[in-house]
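The values are calculated or read from the model by the stated rules, or taken from the named source; none is laboratory data. On a predicted model such as this, the values are computed, not experimentally measured, just so you know. Reconstructed Cβ throughout: ideal geometry from the backbone, glycine too, with neighbour counts over all protein chains shown. Note: accessible area is taken over every heavy atom of the protein model, side chains too, but ligands, DNA and RNA are not part of it. Shrake-Rupley method; radii C 1.70, N 1.55, O 1.52, S 1.80 Å.
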Amino acid sequence: MKRIALGVQYDGTAFNGYQKQPDRNTVQDRLEIALEKFARVELGTTCAGRTDTGVHALEQVVHFDTGIARSMQSWVRGVNTFLPDSIAVRWATEVPEHPGQEFHARFAAFARTYHYVLYNNPIRSPLLAGRAGWVFRPLDVDLMRAAAQCLVGTHDFSAFRSSQCQAKSPVKQMHAVHIERHGEVIVFTLRASAFLHHMVRNLIGSLIYVGQGRHTPAWMKDVLEGRDRNDAAPTFMPDGLYLARIDYDPKWGLPHEAARPLPWF
């Protein structure tokens with residue numbers, strides 16, 4: 001049996017998140033249906049991290065085990081034949097075992113990076129519907145950057161955690177938060193050891209409050225330290241959220257195609 005890793009990119013607008021559900025309208029369902037059609041045998045997959053309804057991925061990483069002998073390019077082109085236009089396998093690689101270690105898409109990951117794309121204009125753009133969040137009030141990027149400084153480091157992120165979160169601990173290490181303006185588009189980039197359920201969208205909503213002048217940057221630190229979800233802003237829309245990259249030890253030899261920022265900004 002060989003362990004194959006895939007880099008999967010998708011527009012999550014039309015799907016009920018990544019993880020399989022009875023209605024089969026999820027990214028994982030569509031991927032596994034395509035794998036079965038190509039391989040002519042059922043293949044179960046494991047992903048690096050589940051995304052919610054409406055959330056996209058520049059690079060989701062999944063793995064599966066198979067005894068089928070196919071070239072890696074065949075896995076890419078063959079599976080893509082059976083996928084909708086909104087999902088594509090971008091790369092495939094066989095991951096060798098190391099002494100006492102086996103690659104696992106979820107447990108071998110040591111960091112995740114998300115982008116949030118926000119359109120900041122008085123009038124919404126139909127061309128960005130489903131692909132970017134929207135705020136019509138002016139936003140001060142400098143204020144949001146100042147507020148984000150307190151997030152870097154190891155913290156209890158309970159204030160930004162969904163009540164439905166199943167993580168064993170709310171303590172995560174935030175490696176970096178970057179906020180860049182590109183004309184009317186603001187791109188937030190967050191890299192952490194892992195993220196809690198709705199954590200990115202809750203952080204974005206609170207940073208927007210600061211950017212609008214509703215709270216000072218110091219408020220963000222108070223909310224973080226207070227650990228009370230009721231003190232933070234409501235969960236922001238999923239439209240502009242992109243799972244951008246999963247980091248693994250180089251020994252696994254994954255291609256990591258999505259190391260660059262969003263290609264259209």
Revision key, fill the gap. Per segment 62-105, sqrt(5λ) over the Cα gyration tensor eigenvalues, sorted largest first, in Å, gives 24, 12, 8
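Over the chain, with the other protein chains present, what is the accessible area per residue in square angstrom, probe 1.4 angstrom? Walk me through the intermediate numbers first.
On the way: 12650 Å² over 265 residues.
On a per-residue basis, 48 Å².
Pairs LYS221/LYS251; LYS172/LYS221; LYS2/LYS251; LYS2/LYS37; LYS168/LYS221: which are spaced more than 27 Å apart, C-alpha to C-alpha?
Working: LYS221/LYS251 38 Å; LYS172/LYS221 16 Å; LYS2/LYS251 17 Å; LYS2/LYS37 19 Å; LYS168/LYS221 23 Å.
Too far apart for the 27 Å limit: LYS221/LYS251.
Rank-order 228-241, 65-78 by packing density, defined as the average count of other C-beta atoms within 10 Å over each peptide's residues, highest first.
228-241, 65-78
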**Study point:** Check: the chain dipole with +1 on Lys, Arg Cβ and -1 on Asp, Glu Cβ, in debye
**Key:** 100 debye
Practice item. Could you tell me how many degrees, from 0 to 90 and to the nearest 10, lie between the Cα long axis of helix 217-226 and the main elongation axis, the longest principal axis, of the Cα atoms of the chain? Key: 60 degrees
Check your understanding: So who's got an amide H within less than 5 Å of the one on TRP91, skipping anything under 5 residues away but keeping other chains? H placed 1.01 Å off N, in plane.
Key -> GLY7
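What's the ranking of 86-92, 176-182 by average number of surrounding C-beta atoms within 10 Å, highest first? Write down the numbers at each step before the final one.
Working: 86-92: 18.7, 176-182: 15.4.
Order by mean packing, descending: 86-92, 176-182.
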Review point. Mind checking the angle between helix 199-211 and the chain's longest principal axis? C-alpha axes, 0 to 90 degrees, to the nearest 10.
Key: 30 degrees
Review point. Helix 72-81 sits at what angle to the longest principal axis of the chain, using alpha carbons and giving 0 to 90 degrees rounded to 10?
Key: 70 degrees
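Give me the percent of accessible area attributable to carbon and sulfur for the chain, probe 1.4 angstrom.
Details: 6260 of 12650 Å².
Roughly 49 percent, rounded to a whole number.
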Review point. Which semi-axes, in whole Å and largest first, does the equivalent ellipsoid of segment 130-188 have when worked out from the alpha carbon gyration tensor as the square roots of 5 times its eigenvalues?
Key: 26, 16, 10
